[in-house]
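One structure below.
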Amino acid sequence: METPPTQRPKQTVKKGGRPRKQVRRDYTLVVRLTEAERLLITGKARQAGLSLSAWFRASAKRAVVVARLRPEELASLRTLSGVANNLNQLTRLAHREGLLPLQGICRKVLDQLHHILYQLGRNDRKSDDR
């Protein structure tokens, strides 16, 4: 009788080279910069001890983006500008005629200012990530 050939345990073949990364970065983002912006960003990355790519990734993760003003907020700013013009006119009138005749008008202007500033100062424009 023939003896069965001895079976060798399978050897795992080691592949050479660098081990695979757990997180692969497959996408590239191209950003155009002026020379001054490039120098500024390079300096900040060097101070942080990071590469430019790592600095950009970290900055993008921490960035807070505030939404642009809505049309009603722009209207409030225009109204505020008009109120400032009226306040200058009232100041000149007060210098000519005195403060007592203008007290009621000034109170209305101040109430208007308070309302507009309250509308502009609401926190609904802040980012949810803060």
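See the values below:
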{"read-out": "20 °C / 1.002 mPa s Stokes-Einstein diffusion coefficient of the stretch 24-84, Kirkwood radius on C-alpha pairs, µm²/s", "value": "142 µm²/s"}
{"read-out": "Whole-Hz couplings from phi, Karplus 6.51/-1.76/1.60, listed for the stretch 87-101; x for Gly and Pro", "value": "5, 5, 5, 5, 4, 5, 5, 5, 5, 7, 10, x, 7, 4, x"}
{"read-out": "Radius of gyration and Dmax over the Cα atoms of the stretch 19-130, both given in Å", "value": "25.1, 85"}
{"read-out": "Net length gained if the chain between residue 111 and residue 50 were fully extended (0.36 nm per residue, minus Cα distance)", "value": "16.8 nm"}
{"read-out": "Length gained when the stretch residue 24-residue 120 is fully extended (0.36 nm per residue, less Cα-Cα span)", "value": "30.2 nm"}
{"read-out": "For the stretch 68-83, 3J(HN,Hα) per residue [Karplus equation, 6.51 cos²θ - 1.76 cosθ + 1.60, θ = phi - 60°, Hz, x = Gly/Pro]", "value": "5, 5, 6, x, 5, 6, 5, 5, 5, 5, 5, 5, 4, 5, x, 5"}
{"read-out": "Orientation-averaged projected area, Cα convex hull of the stretch 71-125 (nm²)", "value": "3.8 nm²"}
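None of the figures in this text is laboratory data; all of them are computed from the coordinates on show. Just so it is clear, the model here is predicted, and its values are computed rather than measured.
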